[in-house]
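For reference, the structure is listed below as structure tokens.
FYI, it's all coordinate maths here, none of it is from the lab. Just so it is clear, the model here is predicted, and its values are computed rather than measured. As a convention, Cβ positions derive from the backbone with ideal geometry for all residues, glycine included, and neighbour counts pool all protein chains shown.
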Amino acid sequence: MEKLEEIQKELAAIEINAKKLEPASEIWSTWTENAFSFAKEFLDQLPESPVFTRKDDSESFFSVEPLAEQGTPMDELLQNLKKHVIEPGLNPASGGHLGYIPGGGLYPAALGDYLAAVTNKYAGIFFAGSGAVRLENFLLRWMAGLFGYPESAAGHLASGGSIANLTAIVTARDAKNIRSRDVPQSAIYHTNQVHHCIDKAIRIAGLAEAQRRIIRMDAHFRMDTDHLRSSVEKDLARGIQPFLIVSSVGSTDTGAIDPLKEIAEIAKISGAWFHVDAAYGGFFTLLDEFEAAFAGIELSDSIVIDPHKGLFLPYGIGAVIVRDGAALHRSHQYQANYMQDALGKNDEWSPAELSPELTKHFRGLRMWLPLKLFGLEPFRAALREKILLTRYFYESIRSWPDFETGPYPDLSVAIYRFRSGSDDNAKNLKLAERIRNSGKVFISTTRIDDTVWLRLAVLSFRTHRETIDILLDELRRELRAL
Ligand SMILES: *Cc1c(COP(=O)(O)O)cnc(C)c1O
């Protein structure tokens with residue numbers, strides 16, 4: 001009895017502090033207004049804001065500001081956030097971001113994230129969030145349909161393309177029944193232009209000891225299928241099992257699309273799993289003009305596509321789709337006693353049995369909201385605009401006497417370089433750095449066979465004709481200075 005009273009007394013005493021975590025609605029409304037003003041100012045100023053800021057004073061802030069027992073006012077936190085977090089480095093929201101693979105960050109996606117977090121809807125298991133799971137599966141079915149996959153396909157909305165690729169490769173490993181002892185007799189085929197996350201995924205999946213065949217490319221940096229075919233045949237002849245072919249739809253360096261149809265045929269004959277990394281290029285399938293380039297993708301076994309690239313969403317969403325949904329399920333399903341109420345046959349698969357995740361952010365909402373609010377038409381227009389902007393840049397630079405251009409761009413990435421005859425690698429690196437320091441546009445570089453190239457990657461929904469003209473002006477100006 002005494003014990004019970006003691007507990008009650010302490011509960012009464014600590015409740016006041018514990019309840020601070022649920023502030024009155026006037027308080028959280030004010031915080032929301034503060035955050036909204038912050039966002040509004042950020043977006044209003046975005047056209048004039050530098051796309052790259054070299055300063056970094058964030059260390060001083062995070063090393064001297066301890067976490068305290070008492071809270072800090074919101075406006076003070078937002079000021080610090082702006083100065084120490086938002087301002088330094090690259091500004092990926094800017095339309096001037098023309099390096100790596102930009103995307104932008106559609107505003108309604110932030111509202112989707114906000115509502116997903118406020119409601120904390122559980123999207124891991126159908127039993128707990130049937131609507132949330134249905135919404136995510138609806139989006140996955142839409143993407144599967146874009147690529148002509150059958151009804152039996154299934155997928156997962158992961159945090160990004162890297163995890164999505166890992167999920168696909170693990171599924172391929174299990175579907176082809178590659179046990180540890182089979183790994184050294186199994187072969188993986190890809191060009192040296194696949195994204196580095198494929199290499200990471202192969203190692204994480206326990207496949208580091210598999211035979212790796214680096215397939216040659218043609219002059220467009222697309223996979224040379226004659227070489228693929230002869231490599232596969234050679235392996236079959238010596239008793240090595242062709243296990244996995246990884247192709248790219250939009251390679252990172254040059255945006256090249258591999259010849260999917262021919263690869264699919266070789267995969268079929270050899271029994272290899274055919275994976276397509278379309279993290280960057282996948283959503284260009286929304287444009288009819290790419291029908292021929294994408295032909296054959298419907299014959300693949302798995303596809304990765306990043307809505308935080310081609311649908312311009314903020315970072316944090318990449319999809320994996322597997323043609324045989326049951327294979328994805330076999331690799332990721334589980335049983336646990338404490339989940340006995342939640343598991344079992346439903347009319348929908350749950351993300352928790354199709355991915356390594358259990359408790360996850362309800363990512364589908366950030367994708368569904370913009371797609372429904374805007375409709376598909378503006379997405380198609382923006383994607384077509386990116387293609388045209390890239391061609392506009394490419395055709396402009398092609399006529400410049402001191403410049404060399406790479407192959408005609410398959411998608412919205414182009415490579416080009418200044419050519420003076422001496423020390424050109426260093427000069428191009430310098431040129432890129434000087435343009436970045438202007439703060440107006442951000443460009444990146446890459447190195448292919450020891451040659452440094454400047455890279456243009458157009459994928460932000462905020463990049464328009466005037467942005468490309470600024471880049472052309474900056475290039476002219478820096479060239480004169482060089
Ligand atoms: C971006 C990209 C990845 C990696 O995806 P993340 O979302 O950055 O993890 C993989 N492959 C290709 C082709 C990419 O463009």
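Qualifying trypsin sites (Lys or Arg not before Pro) in segment 1-75, where qualification requires a DSSP coil assignment and no more than 14 other C-beta atoms within 10 Å, comprise ARG54, LYS55.
Applying Stokes-Einstein at 37 °C and 0.692 mPa s to the Kirkwood radius of segment 158-315, computed over alpha-carbon pairs, gives a translational diffusion coefficient of 211 µm² s⁻¹.
Of the trypsin sites (Lys or Arg not before Pro) found in segment 198-257, the ones in coil according to DSSP and having at most 10 other Cβ atoms within 10 Å of their Cβ are ARG238.
Estimated translational diffusion coefficient (Stokes-Einstein, Kirkwood radius over Cα pairs, 37 °C, 0.692 mPa s) of the chain: 132 µm² per second. By the equivalent-ellipsoid construction on the alpha carbon gyration tensor, segment 12-96 comes out with semi-axes of 31, 18, 7 Å, ordered largest to smallest. The GluC sites (Glu not before Pro) found in segment 171-272 that occupy coil by DSSP, while having at most 16 further C-beta atoms within 10 Å, are GLU209. Which entries of LYS82/LYS372; LYS309/LYS360; LYS82/LYS440 have Cα-Cα distances beyond 25 Å here? LYS82/LYS372, as the Cα separations exceed 25 Å there. Hey, how much of the P(r) for segment 377-481 falls beyond 25 Å, as a percent of Cα pairs? In whole percent, the long-distance tail amounts to 16.
Using C-alpha pairs under 8 Å with a sequence gap of at least 6, the mean separation divided by the residue count of the chain gives a relative contact order of 21 percent. The amide H of HIS97, built 1.01 Å from its N in the peptide plane, has PHE442 as neighbours under 5 Å, considering only residues 5 or more places off or on other chains. Counting only residues at least eight positions apart within a chain, or on another chain, the lysines with an alpha carbon under 18 Å from that of LYS9 are LYS19.
In terms of surrounding Cβ atoms within a 10 Å radius of their Cβ, SER248, SER58, SER231 rank from fewest to most as SER58, SER231, SER248.
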